[in-house]
Amino acid sequence: MLASDAALDLALLRSVIPGKDFARFRDRALLSGDDVAVVGYPLHGKVAMKIDVRRGNSGGPVLDAAGRIAGVVVVKVNTPGVYASTGKVIVNLGFGIRQPVVLDFLIKHKIAVTRAPPGKTLDDKDLMVQATSFVAQIGCWR
């Protein structure tokens, strides 16, 4: 581990997994109603792109419709726990660390970032191809 911040729930890791490409960050904030997707490994090691957040997505990117990073997946709502304490069923709700926080963390640790203007909206297949060019599974156990 190169760096971490427990309060932000972010860590910077070095990997020997070669990427085919590198991630590009949005050059502006998301607006209400913008489409997003999360990419991670929630299906027993098989990469998946979904809008819902599942165990295994944590640490993965929140992507805009053009495949630019808009944040980092951090947690999903504990539906059974919320129901037990409130009687309300909460589904399809996850949380991400906002892009400015992620960028500040990376810049603080001298990681070069690339920002890109909005690009064309990608269909699901092309978005998945782009995402898997820079997303890799890294296991972390405590």
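The values are calculated or read from the model by the stated rules, or taken from the named source; none is laboratory data. Quick caveat, the model's predicted, so the values are computed rather than measured. Note that each Cβ is placed from the backbone with ideal geometry, even for glycine, and that neighbours are counted across all protein chains shown.
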Inset, instruction - Count, please, the residues in the stretch 112-122 that happen to be under 25 Å from Leu12 (Cα atoms), assigned to a loop (DSSP other than H, G, I, E, B) and either of a type in the set (D, E, K, R) or under 17 Å from the mean Cα position of the chain (by Cα) (or both). - result: 2
Inset, instruction - Output the qualifying pairs, or none if there are none: Cβ atoms under 6 angstrom, residues six or more apart or on different chains, first residue in the stretch 58-80 and small (Gly, Ala, Ser), second residue crowded, with 20+ Cβ neighbours inside 10 Å and in a helix (DSSP H, G or I). - result: Gly67/Leu127; Gly67/Gln130; Ala70/Gln99; Gly71/Gln99
Inset, instruction - Take Lys125 and decide whether it is part of a helix (DSSP H, G or I) and at pLDDT 90 or above. - result: yes
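Anything in the stretch 102-114 that is at negative phi and loosely packed, with under 15 Cβ neighbours inside 10 Å? List them, or say none.
Within the stretch 102-114, Asp104, Ile107, Lys108, His109, Ile111, Ala112, Val113, Thr114 meet the criteria.
Residue by residue through the stretch 115-128, note down the ones that are more than 27 Å from Met1 (Cβ to Cβ) and loosely packed, with under 14 Cβ neighbours inside 10 Å.
Those that are more than 27 Å from Met1 (Cβ to Cβ) and loosely packed, with under 14 Cβ neighbours inside 10 Å: Pro117, Pro118, Lys120, Thr121, Asp123, Asp124, Lys125, Asp126.
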Inset, instruction - Run Val75 past the list (1) part of a helix (DSSP H, G or I); (2) at pLDDT below 85; (3) closer than 18 Å to Ala11 by Cα and report the number of the one that doesn't hold. - result: (1)
Inset, instruction - Output the residues belonging to the stretch 78-101 that are surrounded by 11 or more Cβ atoms within 10 Å (Cβ to Cβ), in a helix (DSSP H, G or I) and among the hydrophobic types (A, V, I, L, M, F, W, C). - result: Val82, Val101
Legend entry - Subset of the stretch 1-29 [touching a residue at least 60 places away in the same chain (Cβ under 8 Å), of a type in the set (A, V, I, L, M, F, W, C) and in a loop (DSSP other than H, G, I, E, B)]: Leu2, Leu8, Leu13, Ile17, Phe22, Ala23, Ala29
Inset, instruction - Check off (1) small (Gly, Ala, Ser); (2) in a strand (DSSP E or B); (3) modelled with pLDDT under 85 for Ser58 and give me the number that stays unchecked. - result: (2)
